[in-house]
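Below you'll find the structure, written out as structure tokens, and then a few comments.
Quick note: the coordinates plus some simple rules give every number you see, no bench work behind them. A quick note: this is a predicted structure, and the numbers were derived from the prediction, not measured. Here Cβ is always computed from backbone atoms with ideal geometry, including for glycine, and neighbour counts include all displayed protein chains.
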Amino acid sequence: MDRFRSRMETIPEFPELPNLALQMTENWKPIPDWEPDWKAKLKPGPAPQSKSPVEVCVHGLTAKFFLDLPDDRIIPSYYLKKAERTVIVQRTPWCFRNADDARDVDINKWSPGDIRFRSVFVTLRKLPEFGSLYDEDEDEDEGYGTMDAAGSKPKLKFDEMVKLQGQVVYALLQGILEAFRISRETDDSDSYFFFRTRLLNCQLEYWTGYSERYKDGPLTAGLVGLDHHPDKKVCPTVLPVSASLENISLRSALEDKLKLMLGQLLLNISRLRPHGDQIPDQEVYLIGIHGSRLHILRAIFLGQKTSHLWSGRHNRSSSDADVIDPNPTTAYDRFYTGKNLERLRQQVEWLSAKNLDSDPNPRNLRVLGSREFDLWRKQDFRAAVQMIVALFIYMMSGQARCGVLQKAFKNYPIDEESDDELEAHDTRKRVAIEEKELAKREKELEEAERKKREEEQNKARMKGKIRSSINDRIREFKGWRKPWEDFAWQDEEKDSSLEEDDLKTTDPGPCLSK
């Protein structure tokens, strides 16, 4: 059956970063504003500067979590800049127009003309105030965590807290996708790929080695899948969502997140269907939430380690399609053109992140974590939206080492070259136009609401006048009754009583009838 298995195009195995840097920079000329950055980037990547890493063990695998890292360690800087220029990042939500903390704003008075992200904060109000997950005590553990067969974990807490947090992330992602509308076209103009967020709780199977399969991970709080229009087929998952309880320990929470990321890795590799000794490099992202604080995790799984882990050996692929030749054959195909420079920069960033894992042991992993974004605060909310938008752009570009996306986009390459200055100018122009239209629509809604209130007040005033006039008319009838009318009524009563007496005297009775 092996001959029927489709061979995949693997991501090529690059040489070590210092050697590649020397090859790439041999024929370079100094370029203003780029040279200092490239000199820093081309050096071997140092270990992430953050708090001490947290070690987590899952069935023989040991992962080191580096938390509170800069944004460009999680998502390539090129896509962060592209996200910065989008309208949804530039626009300020209604609750942050006059406040830096949405808790100081009455959500019930949210403008009906701009309801974007309203459901996020309406759901956040239902959650209690959580502390920072990164500051949780590693010795305590009261979270729902991994559910055993007996169901000893508190299901009621899971239903109340985790699902609410999943609804917060769902509302946030749905608001971003509805406003951003990112998609990837195919060869047909009427068909395209797009992301669909789903509020779905499921348990992912994951592998830790050959014949080492487990399904004891936590339930997801939501999913982001890749959908296709117009053919609605199976929507494969590309991004799991994880939620945690208030008093869960940091180590236990990271253990649950690692299991979800291992499950996503299995989904990615199963889509590519590679040979066991030629598994390519893969990266897995996860969106986590702890109360109102959101974070993003990124795990890079080296193909060499995964192949050794699952099959016991690794054979490097012969495909070099992604390696750029540093010595162009023609003068017109200069390597340091703007397009090639950006590709080179992305490759160096990838190699820098990849070479951080210098441990040859295939059972030792590294996971990078962003800082925590408090969705109640203006600056953190904007940064979280920018990170998510950048992540969606990165995934939809086809450059992400995600097997589900690599398989889907294999036959539909795109060119990402664009004029950044023109794009930034267009974004500012669109933001200004949209804000102007929004202000006009809100003014129209306020005017319509004012007229409606005036009409209701006028109607209430008219009803009051009609009611008072009727009461006045009824009062006028009180003095209309005359004495002779009372006398006439009394005579009628006397006549009726006399008639009754006559009937009684004329009645023969039952005895006389016989």
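Annotations for the structure displayed:
- With eigenvalues of the C-alpha gyration tensor scaled by 5 and rooted, the stretch 199-239, Å: 25, 14, 7
- Sorted by Cβ neighbour density within 10 Å, fewest at the top, the residues V241, V122: V122, V241
- Förster-model FRET efficiency, 35 Å R0, D216 and D68, C-beta, rounded to 0.05: 0.75
- With neighbours defined as other Cβ atoms within 10 Å of a residue's Cβ, the residues S132, S77, S468 order from fewest to most as S468, S132, S77.
- FRET efficiency estimate (nearest 0.05) - Cβ-Cβ, E449 to E205, R0 41 angstrom: 0.15
- Over all pairs of different C-alpha atoms in the stretch 60-114, the reciprocal of the mean inverse distance, the Kirkwood hydrodynamic radius, equals 14.9 Å.
- Computed over the stretch 208-317, the range of Cα coordinates on each principal axis works out to 45, 42, 21 Å, biggest value leading.
- Other residues with beta-carbon under 12 Å from the beta-carbon of R453 carry, at +1 per Lys or Arg and -1 per Asp or Glu, a net charge of -2.
- By the count of neighbouring beta-carbon atoms within 10 Å, fewest first, S397, S311 end up ordered S311, S397.
- Spin-label model, T186/D359: points 7 Å from Cα along the beta carbon direction are separated by 4.2 nm.
- Greater than 24 Å apart at Cα, pairs in K82/K259; K82/K126; K378/K451; K354/K407; K305/K407; K378/K452: K82/K259; K82/K126; K378/K451; K378/K452
- Alpha-carbon centroid distance for the pair the stretch 247-314 / the stretch 359-388, whole angstrom: 15
- By average C-beta atoms within 10 angstrom, highest first, the peptides 105-116, 370-381, 198-209: 370-381, 198-209, 105-116
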